[in-house]
Amino acid sequence: MFRSLTIRTVQIAFGSAILILLVLGGFAYRSITVLSESERWVQHTHEVLDNLQEMQFAMETVASNVRGYLLVGDEIYLEHYRAARLSLERHTAAVRDLTVDNAAQQRRIADLERLTAQRLDLAEKNIDLIRNHQTLPEVTTARAGPGLQIMVDYQVIVNEMQDEEHRLLVLRDADTKRNTSRTEAILILGTVLGLLITIVAGWIVQRDNSRRESAEAALQESERKYRTLIQGVKDYAIFMLGPLGEIRTWNPGAERMSGYTYEEVAGQNFSRFFPADDIKLGRPQAILHLAAASGQYEEQGMRVRKGGARFQVRTTFTASRDHTGKLRGFSVVSRDLTESKESEAK
């Protein structure tokens, strides 16, 4: 019984632990997913800022290499100009794609693209003027003013976009930290609860084991006293049968009454002490059936001693069951009536 309670207690404890850990695992998974999303947005913001910086650098490189070509006329400046122009186009497209979810940034990138087109158009016109062998003062006078204003306007819009991304970065960093703290708290809580449940389950098991050991010790002591008692009884045959009638214990009274030692009959069916006619009629099995059905059955009949002599007995069969009601066996107390009658006659 104690073992069954212990197993059930452990099953409930560990079932509860698994359930709680599954729930916490679900929350942790959700928190980790949200945290991952927050970190992705932080990385996204850094990527926008990096591309804005590269855009600004490319625009300045375009302007500086055009000025260098206008002043010196060296073709190397045109090579750097073309490379910077490609870089400017690539990073502008990247920023446009990265900010597609932000309407304000999309308006600003459209303004930047317009200014970029104006600056590149101006650069190409200046390059054509030099190639057409116009004098440097004419070029400077004709083109320096508009180009400078385009660069100033371009820088203003880039700064606005960077300010917006820095604002978003602060919010996203705070969100990431908040989600990180929540995830850590859930994981710590899950670990602590798991440990507490394990400790409580272990304590319950230890307590139940102690109770079971005490109960088993008391039972063993009771059985020892019972065996001592029945071993001292010589006028009655007292023995235990299994559910099918197999002999499990045998006291000196049973040995004296039947003439058999325990070693000779251990494990054998008690029907061997019945006359052959009773065995054919199925009387031994019928007695056990009646005892099992009613809990106790008393009968009077003939038995056969070792050597074949018959004797009359009065026997009480008591069914023994465990806490679930399962039949464990029978206790049998038998008295030799033939011997009593002979004593009375004498």
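Table for the structure above
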| item | result |
| --- | --- |
| Over region 246-314: Rg over Rh, Cα atoms, Kirkwood Rh | 0.95 |
| Rounded FRET efficiency, nearest 0.05, which uses the C-beta distance separating Ala104 from Glu124 and R0 of 30 Å | 0.45 |
| Amide proton proximity set for Gly329, modelled H, under 5 Å, gap of 5+ | Ser320 |
| Stretch gain in nm, segment Thr198-Thr33, where the contour uses 0.36 nm per residue and the Cα spacing is subtracted | 56.6 nm |
| Cβ-Cβ FRET estimate between Met302 and Ala217, R0 fixed at 35 Å, reported to 0.05 | 0.25 |
| Neighbourhood charge, 12 Å Cβ-Cβ cut-off, centred on Leu88 and excluding it, Lys, Arg +1 and Asp, Glu -1 | 0 |
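Read-outs throughout are calculated quantities, based only on the coordinates presented, and are distinct from any laboratory measurement. Computed from a prediction, not measured in an experiment: that's the story for all the values here. FYI the Cβ positions are ideal-geometry reconstructions off the backbone, even for glycines, and counts take in every protein chain you see.
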